[in-house]
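For reference, the structure discussed in these notes is given below.
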Amino acid sequence: MGRDESDLKGDISDRSSREWCDEALARLNAGRPESALDAARRAADLDPGAEWAYRLISLAHERLGRDADALPAAERAVELAGGSWPARLRLAASLRRSPGRWREAVEHATLAGKFAPERPDPWVMLGDLALLGGDHARAERSYRAALAVDPADPQARMNLGLSLLRWDRPRPHHDPAWPVDPRETGRVRRALEVWSRQARLLVALATLAIAGAALLLDRGAQAQLGGFAVLVLLAPLTVRQARRVGLWSYVPPMLCRDPWLGAAVVSAAVSVVAFAAWLLLGAVPSVPSALDPVWAGLAGIVVLGWPALAAVRALAETWRGRPLSAMAETMRAREAREHVHAAQIDRTARRNAGVLLWIVLGRTWSVLVPLVGGALAVEPRAAVAAVAVPYPMVRGYLRARPRGDRWLPAATALVVLAAAACAAGGLLGAWRAEPAATWAWRAGLGALAAALAVFGARAARAWWRGGPGPWRTSLIMCDLPVGAEPSVALAPEVRQTFSYARSIVLSYGDAHGPRVAGAVATVTSSGELRVITELGAWDAVENDPRVAVFAADPLQRRFWVEVRGIALPDSGALRVTPKQVLVGEFPGRHQR
């Protein structure tokens, strides 16, 4: 753990830039981003060419919620070390939060994968970008590629579960590639949602009030005038919300990206039209009796359209994706006990596991209700199959063992009781066959109703407190910080070797296999190598930038140095960013 600035007064002048970077990383891992930012800035002041310091500055700003300040530091790190895969990932993480620069983030993450195919981090970043963009198939492929490199990667495991569940981010209406701030499209969404809610609520209440006045108080004519007043009132409400939209060109793609938002807007428009038609039919003096079903159907659309849409959405969200497979991946992610961010991983996994159990419970309940209803209506013995329905739910519950949500075990127990009681009722006979069967059916149906009540109470409590509820929108991604890995530094003896070596060899690969070429190399102030070599190497690094540079100790001829890194063309020379440095001794008399 890092120390505060007050603890460092005695040794500030003795610390190097890399030591300050180590201190900044320790403070970040300890959850002190403000203090880490100060340490990283000290490192950058001591060595302006230290790209690691700028990555840590960017990461500290991001942890503090300053996305706009995180981007310039990440871009500076890439300028200093274009072949650094952590710098590319840090820049990709910053660009994905900048409007209109989503594709650049994908390009930098792709380059990071090209620079470090042996690492899972670039694949995880590509999976996160695809998941946030709504491309679940691509996200799944990327996460599986990361797990092929490192099967224990917790972020890939947990986010793979979200892709299997077909999870949508909190702002599904917004395309991250749009050159507009998500807050702007968020205001558009809120305006559309408010209008749809106001319109549906007003016409539904007006329909119930008019029907009640006509049937109970014999005031149908006066009530109809009030209905037309409601239509007039909708006009200023509509104009008010339309002024708040502003970005009308984005409305059609927003409705396409978020089908439920589009369904709400269309449902509101249909409800208003149906309400107006219902009023007109009621105002006609002599309406043929053949139109009575039409008149009643229009009233049903106005009153029942909103609850029906909510029920359809709840059912569709419950049956979307594969929650049991997602649960398995989430549980595997929790096994990363030795990870530096183990506490954050565990919290995210526990929260997601609880939500997934609620989803599985909802599926179980939605299967039991039609099964039991069909058994009561057709063949009571068919209810015996209900005893097997809760098995996946119980298995998932025993594996996850959730804690902290007292409502979940109660709802689970009620659903299991309902399945067992209904199965017993089916064995004993029909509803009124004998008292034992009647009580079994009553217990099963009562448990189903009680489970629904528990879910409703849990949802209402979450809504009232503003906390995560028993629905899929409460799921969260595992978003661990990226780009904090230490850079590879060249030791003084390595720098001396390349500065004075008479023969330097560059090793690279092309379509015909490994190649070697003579080269001239110098060490830059940022710790990179500038290599001048033959043109064939330039063409090869375009396809595979991974190279190795060999040099021998020019003074005593005892040591050899190999720098493995990433080569990028740069104004007449190849910039080689080190990934690994090997130093060895030649065999000879000095080893005796």
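The values are calculated or read from the model by the stated rules, or taken from the named source; none is laboratory data. Worth saying up front: this structure is predicted, and the values here are computed from it rather than measured. Note that we place each Cβ from the backbone using ideal geometry, even for glycine, and neighbour counts take in every protein chain shown.
See the values below:
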read-out: Residue ID - farthest from VAL563 (Cα to Cα), chosen from residues in region 78-100 that are basic (Lys, Arg) and buried (at least 17 other Cβ atoms within 10 Å of the Cβ); value: ARG96
read-out: Selection count where residues are part of a helix (DSSP H, G or I) and surrounded by 21 or more Cβ atoms within 10 Å (Cβ to Cβ), scope region 166-187; value: 1
read-out: Qualifying residue in region 88-96 (condition: farther than 16 Å from PRO481 by Cα and small (Gly, Ala, Ser)); value: no
read-out: Residues being free of Cβ contacts under 8 Å to residues at least 60 places away in the same chain and buried (at least 16 other Cβ atoms within 10 Å of the Cβ) - total across region 561-572; value: 2
read-out: Residue pairs meeting the criteria (Cβ under 7 Å; at least 6 apart or on separate chains; first touching a residue at least 60 places away in the same chain (Cβ under 8 Å) and in the same structural domain as LEU192 (by TED's automatic domain parsing), in region 230-252; second in a helix (DSSP H, G or I) and not hydroxyl-bearing (Ser, Thr, Tyr)); value: GLY246/VAL188; LEU247/GLU184; LEU247/VAL188; TYR250/VAL188; VAL251/VAL188; VAL251/VAL245
read-out: Inter-residue pairs, beta-carbon under 7 Å, first under 17 Å from GLU79 (Cα atoms) and in region 28-51, second outside any helix (DSSP H, G or I) and of a type in the set (S, T, N, Q), 6+ apart; value: GLY49/SER525; GLY49/SER526; GLU51/SER84; GLU51/SER487; GLU51/SER526
read-out: Members of region 257-286 that are part of a helix (DSSP H, G or I), out of contact with any helix residue (DSSP H, G or I) (no Cβ under 7 Å at 6 or more places or on another chain) and either of a type in the set (A, V, I, L, M, F, W, C) or touching a residue at least 40 places away in the same chain (Cβ under 8 Å) (or both); value: ARG257, VAL266, ALA269, VAL273, LEU280
read-out: VAL505 vs. criteria in contact (Cβ under 8 Å) with a residue 12 or more places away in the chain and either surrounded by fewer than 18 Cβ atoms within 10 Å (Cβ to Cβ) or farther than 21 Å from ALA116 by Cβ (or both); value: yes
read-out: Checklist (1) basic (Lys, Arg); (2) under 15 Å from the mean Cα position of the chain (by Cα); (3) not assigned by TED's automatic domain parsing to the domain that holds ALA109 applied to ARG187, failing item; value: (2)
read-out: Residue satisfying all of: in region 499-524; over 19 Å from ARG546 (Cβ atoms) and among the hydrophobic types (A, V, I, L, M, F, W, C); farthest from the chain's Cα centre (by Cα) among these; value: ALA501
read-out: Residue check, ALA36 farther than 14 Å from SER487 by Cβ, modelled with pLDDT of 90 or more, small (Gly, Ala, Ser) and touching a helix residue (DSSP H, G or I) at 6+ places or on another chain (Cβ under 6 Å); value: yes
read-out: Selection count, region 59-96, where residues are within 24 Å of the chain's Cα centre (by Cα) and part of a loop (DSSP other than H, G, I, E, B); value: 4
read-out: Boolean, TRP278 is at pLDDT below 85 and in the same structural domain as ARG187 (by TED's automatic domain parsing); value: no
read-out: ALA424 vs. criteria crowded, with 20+ Cβ neighbours inside 10 Å and free of Cβ contacts under 8 Å to residues at least 24 places away in the same chain; value: yes
read-out: Helices (runs of 4 or more DSSP H) wholly inside region 288-403 that include at least 3 residues being small (Gly, Ala, Ser); value: 292-318, 323-333, 342-377
